[in-house]
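Each reported figure results from applying straightforward, stated rules to the coordinates on display, with no laboratory input. Everything numeric here is computed off the predicted structure, so don't read it as measured data. Quick reminder, even Gly has a Cβ in these numbers, built from the backbone with ideal geometry, and neighbours come from all protein chains shown.
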Amino acid sequence: MNKVTNVVIAGLGGQGVVTFSDMLAMAAFNAGHDVKQSELHGMSQRGGSVSSDVRFGPTVLSPMVPAGEADYLVVLESTQVEVNRGLLKPDGCLLTPELIPEGALRNKKSLNVAMLGALSAVLEIPEPVWLDAVHAKLAAKLHKVNDQAFALGREAGAALSRPTPSAED
């Protein structure tokens, strides 16, 4: 079967949902996967809901994660958990900001990178590929603080479970 990994990233405008999505898509592509990505912007400039779907695997036909089929739901704002829970499959993995110890980030704007690190701990993409994607997307002056955020998230994500990837439609 053609196994596809479905990830939904949700949060509020200004939290880096789209940046997270871009880094995830780049890492998956650079690891040799076919990748499809889509974004849904609400009132993103005013702190409204923003979500993005990233699907990757040997062959991906559609960019949208069907309801109830997300292997991973990554939420950057806790208020978005219930709004998006219906996208997660029954044995899927929910990643929330509570994974990252309060006060552990040197810069709270790095939460998206810390959550990417948590997700990276359960996906079979080598760590250097992840860091290359982070560095490609962010300015060089931000690399050090985001490398630390990524490492913190990766450590926090080590205890997460891996759902079985979905079959492509």
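Before moving on, here are some points about what is shown:
- Label zone at HIS143, where the point sits 7 Å out along the Cα-to-Cβ direction: the range 113-131 residues whose backbone N lies under 16 Å: 128-131
- Sequence-distant lysines (8 or more away, or on other chains) whose Cα lies within less than 23 Å of LYS144: LYS108, LYS109
- Virtual spin-label span in nm between THR79 and LEU61, 7 Å along Cα→Cβ: 3.8
- Straight-distance candidates among the lysines for linking to LYS3, with alpha-carbon spacing under 21 Å and chain neighbours fewer than 8 residues away dropped: LYS36, LYS89.
- Within the listed set VAL60, VAL74, VAL35, the Gaussian network model of the chain (springs between alpha-carbon atoms below 10 Å) gives the highest mean-square fluctuation for VAL60.
- Structural size metrics of the range 41-115, computed from C-alpha coordinates, are Rg and Dmax of 13.8, 41 Å.
- Expressed to the nearest 5 percent, the antiparallel share of DSSP beta bridges inside the range 3-158 is 65 percent.
- Of ARG55, ARG106, ARG154, the one that fluctuates the most in a GNM where the chain has Cα springs shorter than 10 Å: ARG106
- Converting the Cα gyration tensor eigenvalues of the chain into ellipsoid dimensions via √(5λ) gives semi-axes, longest first, of 22, 18, 15 Å.
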